[in-house]
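Only one structure is covered here, and it is reproduced in the block below.
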Amino acid sequence: ICEAQCAFCAYHAHAGRVEPYELTLDDICRKTEELIAGGGTQVMLQGGLHPDHRLDNYLTMIKTVREQFPEIYLHSFSPAELIHIAKKSGISLDEVIRSLKDAGLNSVPGASDLLVDRIRNAVSPKKCSREEWCEVMRSLSRYSMTSTATMTYGMGETLAERIAHLEVIRDIQDETGILKAFIPWSFSPARTLLEHISPATGLDYLKIVAIARIFLDNITFIQAGWLTEGTKLAQIALTAGANDMGGVLTEEVVVKATGIETQITMNGMISLIRDAGKIPVQRDSQYREIRRFE
Ligand code: SF4
C-alpha cells in the first residue's frame, strides 16, 4: 500500500504484482521473534507511503518492538517515509526523527534510488525529492543518527547523471559524516512499469563499484549487492573495491516482487568471501567488528 506508485517498483499494490497487505503489530513481533531465534540481530521495518498512517502509528511500531525485544537493532524507515510522516502529521522532519529516536529507532536506511531530479521526476515524482533526501540526512546528523546511501542505476540515466548521484552523496557525507556505507544495485525492470528497459550488465555493476570506491573516498564501506546482482558477481565485486557484503536475510519482499530470489547462509557467505581471497569478518549493525574467520 503506497501513495507514491513509483514506476520502477514492482512492490506497490498498483503494480498489480503483490496483493495489498498490512502487517499487524503481532505479525511484526512474531517475525522479530523468528529472526532472533535464527540468530538475527537487526530489524529493517520499511513500508510504502501509507495514506492513513501518522507519526503515532510509527511510534507504536518502534515502541512495541523495542519493549518486547530490547536487544534488537532497529534500522528502519526510509527517507521517503520520514518525509511522508512529517507531511501527513503536519510536523517538522526534526520532530519526526527526534520522536522515533526517543522511541528506540537506531538508524535509517538510505534508500536513495537516483538523486537526480530529471530521473526522479520521471519515475518517482511523488516520492521525496533529492533536496528532501539531503534534508533527512542533515536532520539525522543533528540527532547523532547514522544512515547509508544506495544507488539504483539503469533507469534511463546518462553516465553523467550517475556521477551526479555520487556527487550528491559525497557532498552530504562531507557535510554530515553519517553515511556508514554505499550500496549500489541495478534496477530490475521485470514486472515493473519500466519493463521495456534492458537490465544493466554485470560489467556496469563492477564499473560502478570501482568508480564509487575511488570517488567516495569519504565513505568507508562499499557493499557488494549479492541479493540483486547474485552471489558470484558480488564475490567479484570484492576484488573491484567492495569491502562489505551486508547481512544474511530472513525475509525480503521488495526485490522478490521483481522475480529475484537470491539467498545465502552465513556459512555460504564466509566461503564466498574466503574464495575471493579475503578474510571474512562478522560485524554488527554499527559496523563494529564482532569476529574474524581467519
Ligand atoms: S519504491 Fe517505495 S515509495 Fe515508490 S512505490 Fe515502491 S514502496 Fe512506494
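The values are calculated or read from the model by the stated rules, or taken from the named source; none is laboratory data. Quantities reported herein were computed from a predicted structural model and do not represent experimental measurements. As a convention, Cβ positions derive from the backbone with ideal geometry for all residues, glycine included, and neighbour counts pool all protein chains shown. What goes into the accessible areas is simple: the full protein's heavy atoms, side chains included, and nothing from ligands, DNA or RNA. Shrake-Rupley method; radii C 1.70, N 1.55, O 1.52, S 1.80 Å.
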Exceeding the 18 Å Cα-Cα cut-off - candidates Lys101/Lys127; Lys87/Lys126; Lys63/Lys88; Lys63/Lys180; Lys180/Lys207; Lys207/Lys232: Lys101/Lys127; Lys63/Lys88; Lys63/Lys180; Lys180/Lys207
Size of region 13-292 as Cα extents on the principal axes (Å, biggest first): 46, 43, 40
Test item: Cα-centred dipole of region 1-106, Lys/Arg +1 and Asp/Glu -1 on Cβ, debye: 240 debye
Kirkwood Rh (inverse of mean 1/r, distinct Cα pairs), region 1-108, angstrom: 14.6 Å
Those GluC sites (Glu not before Pro) in region 5-72 that DSSP places in a loop and that have at most 15 other beta carbons within 10 Å: Glu22, Glu71
Amide hydrogen neighbours beyond the local backbone of Tyr73, cut-off 5 Å, H modeled: Gln42, Val43
Cut-off 9 Å between beta-carbons: net charge of the residues surrounding Arg142, Lys and Arg +1, Asp and Glu -1: +1
The chain, relative contact order in percent, only Cα pairs under 8 angstrom and at least six apart counted: 16 percent
Å² of accessible area per residue within region 1-151, as computed with a 1.4 Å probe and no ligands counted: 44 Å²
Furthest towards positive pole of dipole, Tyr153, Ala181, Leu193, structure part region 139-294, Cβ charges: Ala181
Carbon + sulfur, % of accessible area of region 13-292 - ligands and nucleic acids excluded, 1.4 Å: 51 percent
Partnerless Cys - the chain, beta-carbon criterion under 4.7 Å: Cys2, Cys29, Cys128, Cys134
